[in-house]
Each structure stands twice: as structure tokens, then as C-alpha cells.
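Just below is one structure, and these are the notes that go with it.
All of the numbers you see were taken from the coordinates with simple rules; none came from a lab. Everything quoted here is computed from the prediction, not taken from an experiment. Ideal geometry is used to build each Cβ from the backbone, glycine not excepted, and the neighbour counts take in all protein chains shown.
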Amino acid sequence: MKTFQLLLLLILTAIFTSCGSIKSTLQNVDNTAIKPPVRNNQFMISEYASDGKYGYDKNYPINLGFENEKYSPKNIIYFFNALEGPNGEKISYVKKDNCCPFPSKKSLVGAGTLDLYEITLEGSDTKINLYLNIYEKGKVVCPKGLKIKKYIQN
């Protein structure tokens, strides 16, 4: 599967390079965003999203690209560790897909993809799909419908 993804990114890079006019549809990239502090393996998030599209719409992903793509996946863990369900339910998450290619100068191959994660709330059949981006930066906040987990000191 990794070989297929790499091949896909190489093909997309060739397309983006040859076309030149293809633009990213990402609407919430912020290169001045600062990575949230990390404590006990979780981001210290203090704000909630004001826009219902944040994370739920592929054009408004949760941008966690504060390091290079090799090290960015740990930010996904930090992000999900900072969240819980709206009533304090424990969440679990699984990566369901890569999608939505876009040009990126922060990728080794010149293109990035979004990761689609499915979140499940403990004791519920409710499933939530969120788009995450490990290539670009953005303000990290809690998506609507979820809650910031209270920080517990060890």
C-alpha cells in the first residue's frame, strides 16, 4: 500500500508540475500558526472551532504539518489524545483513507494528500469523519461536536 501511495504522489507531482495552474483548495492554511504545547502525549488545545466546516470538509482540514512529513504523524496522536466526545466519552480513531491531493512545497514529492479518519465515541454507534493534513500548518482547535479533554497531570 505504501508503494502505491508513493507512486500516486509521484504521478500527482508530475501532473502538478506540468500543469502549473493547479491550485490548492485548502482554505485554512496558516503558515504563521504555532504548534500547540504538548503535555502527557496530548496537544494543549484551548479553543473550539467557530466554523462547522473545520475538519469535516476537505477544504478545511485540521492542519497539523508543524514538522516534516516523516515526523508529523505523531501530531495526529497528540491531536486525538486532546479530544473526547461531547459528553466526555472516550474516542477511538482509525485512518480510513488518503484523498484529496494538493500541491505542497512541504512534501518530499511536491504534493500532499489528506488523511480521512473515522472517530467512534465509546458506547455509541456514532461515527465522525475528520480530514487531517500533515503537510500544512493551521490553527489547531477542537472541531464542533467534540470536546477538549481536561488535562490531567501525572
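Annotations for the structure displayed:
- Projecting the Cα positions of Ile119, Asn87, Val109 onto the charge dipole of segment 74-154 (unit charges on Cβ atoms of Lys, Arg, Asp and Glu, taken about the Cα centre) puts Val109 furthest along the positive direction.
- Translational diffusion coefficient (Stokes-Einstein; Kirkwood radius from C-alpha pairs) of segment 75-136 at 10 °C, 1.306 mPa s, in µm²/s: 124 µm²/s
- Computed FRET value (nearest 0.05) for Lys90 with Glu69, which takes r as the C-beta separation and R₀ as 41 Å: 0.90
- Using Cβ point charges alone (K and R +1, D and E -1), the dipole size of segment 26-143 about the Cα centre works out to roughly 400 debye.
- Spatially proximal lysines relative to Lys149 (Cα-Cα < 19 Å; intrachain offsets below 8 disregarded): Lys35, Lys74, Lys90, Lys127, Lys139
- For segment 114-119, 3J(HN,Hα) computed residue by residue from phi via the Karplus equation (6.51, -1.76, 1.60; θ = phi - 60°) reads 8, 9, 9, 10, 9, 9 Hz, glycine and proline entered as x.
- Spin-label pair Arg39-Asn59: with each label point 7 Å from Cα along the Cα-Cβ axis, the two points sit 3.8 nm from one another.
- Partner aspartates and glutamates for Lys147 [C-alpha distance under 13 Å; skip if fewer than 8 residues away on the same chain]: Glu47, Glu84, Glu89
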